[in-house]
Amino acid sequence: MKITDAAVCPFPNGDSSVRRFALEAAALGLDSLVAIDTPSATYGSVVVRNGVFLRKAGMKDVINQVKRGKDPSSVISVQAGDAGFNRGVVGLRGVHILRGVHAADKNAFDHVTAKMAADNRVAIDIDLSVLIAARGVTRQRAIQRYRDVLVLQRRFEFPLTLSSYARSVLDLRASREISGLCSLVGMDMYDVEKAFSGVDIVTATPEPSVRVVE
Amino acid sequence: MTVRPPTLRDKRRYLLVRVDPPGVPLDPKELYYAISDAVTSVWGDAMAAIIVQAVICVEGRYAIIRCRRGTEGELSIALSTVTLLRDTRIALRIIAASGTIDSLRDRMQPAIRNPPANANEAPVPEYRFCGKEYVPVHCDGQKVDVIEKGFKNTSRLFLTTEDLETLNATTIPDGI
């Protein structure tokens, strides 16, 4: 099992270089990182994958960006919008992760979208930065929304990913701390282990439904 | 009030935490307020009263934090949500948990407890990138923290020696 942080933002989006992120990640027990707008590379024992994050984009923009994606190892993620947009994105081939579900409308991620996400192997992201940095009502709403997502996840079994959205190495958390934070939203150890390998699940080549036997 | 006999006292646990980034001046009282705020925010007043967190001591960039036995998990979750001390961004890294303070003192890095006498006398190199000048403030193995030169709007960057070598070899205006 690879322990992956599904979103970090190195320099110039943050204050830490990607190499420093890799060093700190190794010290904190992480195996791989998805770095937004950063080329894929391996630093020591840590694999850094290129992440493409489409924010506040319309459906047409998302389709164009996904088609334009040249690097096959890139992890493409889209910020969640309303229910119709989310269904469209989840059904789109090439999208790996739907992010920001906690900030979307209450009914933006429903059972239909959950079923589609499970069928198309699109992961739903759990943003740890809200659990870490937010206080009061904002954090309560996020926990409430993630608990709701987990109810759907247990029913439909779509993949989950865990992201720290770290802009600095100070925002990174150790794997044990991440497990603790996930327990706030009702995830047990098994759920957390599966979520750590969520990026590998969504980027793996799908097994064909029909196999030719000669 | 007489002191309770040991069998009637609450069992305690102690957590050793390292405060990142290095060089942040640590005041035990301010650290206590930051931790207390985080515990109350995550677990509420009732659970905070059960955890009974306290900062026992601060040595260099290490702190020993006390809690009631059995609540180490809750305290460590709360510690991972501490991001600010006054207006300075910090992260608390939990190193170890123990039933005695003595065993935790052994885990503190000896170099931090006894800093070398001539550590600050070496000439400080300067680096220039993105149109700004930076000076290193902390070096630890491959890790180098640099800070913008000057006393206004100083922002700390977390880099590596390899990044600085790349910067010296080539001029990269907008990327490291």
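Couple of notes before you dig in:
- Karplus-derived 3J(HN,Hα), 6.51/-1.76/1.60, for each residue of the stretch A:194-199, Hz, glycine and proline x: 5, 5, 4, 9, x, 5
- Each residue of the stretch B:127-135 was assigned a 3J(HN,Hα) from its phi angle through the Karplus expression (A = 6.51, B = -1.76, C = 1.60, θ = phi - 60°), giving 10, 10, 7, 6, x, 10, 9, 10, 10 Hz with x at Gly and Pro.
- In summary, the lysines within cross-link reach of B:LYS132, defined as a Cα separation below 26 angstrom excluding same-chain residues under 8 places away, comprise B:LYS143, B:LYS149, B:LYS152.
- Count, lysine Cα pairs under 26 Å in chain A, 8 or more residues apart or across chains: 14
- Residues in the stretch A:144-159 that a label on A:TYR190 would reach, taking backbone N under 20 Å of a point 7 Å out along Cα→Cβ: A:147-159
- Label-point separation in nm, A:ASP110 to B:GLU133, each point 7 Å along Cα→Cβ: 6.2
- Under the convention that each Lys and Arg Cβ holds +1 and each Asp and Glu Cβ holds -1, the size of the dipole of the stretch B:10-113 around its Cα centre is about 300 debye.
- Simple label model, 7 Å out from Cα along Cβ direction - B:VAL24 to B:ASP87, nm: 1.5
- With every protein chain in place, chain A: carbon and sulfur % of accessible area (1.4 Å): 51
- Relative contact order %, the stretch B:26-72, counting alpha carbon pairs below 8 Å whose residues are six or more apart: 34
- Charge dipole magnitude, Cβ of K and R +1, D and E -1 - the stretch A:77-214, Cα centre, debye nearest 20: 380
The values are calculated or read from the model by the stated rules, or taken from the named source; none is laboratory data. Remember, it's a predicted structure, so these values are computed and weren't measured experimentally. Neighbour counts are summed over all protein chains in view; Cβ atoms, including those assigned to glycine, are modelled from backbone coordinates with ideal geometry. All accessible areas refer to the heavy atoms of the entire protein, side chains included, with ligands and DNA or RNA removed. Shrake-Rupley method; radii C 1.70, N 1.55, O 1.52, S 1.80 Å.
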